[in-house]
Amino acid sequence: EIASVQGTAFDLRKPVELGKHLQEFHVNGFDHNFCLKGSKEKRFCARVYHAGSGRVLEVYTTQPGVQFYTGNFLDGTLKGKSGAVYPKHSGFCLETQSWPDAVNQPHFSPVLLKPGEEYDHTTWFKF
């Protein structure tokens, strides 16, 4: 289903502080595809800002969607560099892609690659 995000927990078109946003909407995290406006041209997809460091990540893509995942199953057992611990929601992924189940949904953008056709998509991460 292609659904409007307006007025829902999925409305991330304006900046939100993610932890507060999840609490406000009583959401256990994100693992959802967000549909982008159709185009084969490079277009803006997402911006992430970390207030503590001032770091900014911008994502641009030719893909029709982006899967946003917020580390919902991290539980503190995974150890990182210098013994860092990763509790729930301590990381996120922005994965550009076609829409899930598009192969079975005729009203979604086509995703089948036929013999002789070329798969050509690019994603840019700007830091």
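The values are calculated or read from the model by the stated rules, or taken from the named source; none is laboratory data. Small disclaimer: the values here were computed from a predicted structure and weren't measured. We place every Cβ from the backbone using ideal geometry, glycine too, and count neighbours over all the protein chains shown. Quick note on the areas: whole protein, heavy atoms, side chains included, nothing else; ligands and nucleic acids left out. Shrake-Rupley method; radii C 1.70, N 1.55, O 1.52, S 1.80 Å.
Some values worked out for this structure:
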read-out	value
Counted residues, the range 42-70 - those being open to solvent by 40 Å² or more (accessible area, probe 1.4 Å), under 24 Å from Y119 (Cα atoms) and among the hydroxyl-bearing types (S, T, Y)	1
Filter result for L57 (under 12 Å from the mean Cα position of the chain (by Cα) and among the aliphatic types (A, V, I, L, M))	no
The listed residue being open to solvent by 80 Å² or more (accessible area, probe 1.4 Å), closer than 29 Å to G7 by Cα and touching a Phe, Trp or Tyr at 6+ places or on another chain (Cβ under 9 Å), out of F34, F73, F125, F30	F125
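Residue by residue, here is whether (1) under 29 Å from H26 (Cβ atoms); (2) modelled with pLDDT of 95 or more holds:
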| residue | (1), (2) |
| --- | --- |
| S90 | yes, no |
| P110 | no, no |
| D120 | no, no |
| W124 | no, yes |
| F127 | no, yes |
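A quick yes/no check of all residues on (1) free of Cβ contacts under 8 Å to residues at least 12 places away in the same chain; (2) farther than 23 Å from L22 by Cβ; (3) over 19 Å from the mean Cα position of the chain (by Cα); (4) surrounded by 10 or more Cβ atoms within 10 Å (Cβ to Cβ):
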position	(1), (2), (3), (4)
G83	yes, yes, yes, no
E95	no, no, no, yes
N104	yes, yes, yes, no
P115	yes, yes, yes, no
H121	no, yes, no, yes
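Results for (1) touching a Ser or Thr at 6+ places or on another chain (Cβ under 8 Å); (2) within 28 Å of E1 (Cβ to Cβ), shown as yes or no for each residue.
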residue: R47; (1), (2): no, yes
residue: G65; (1), (2): yes, yes
residue: K81; (1), (2): no, no
residue: T96; (1), (2): yes, yes
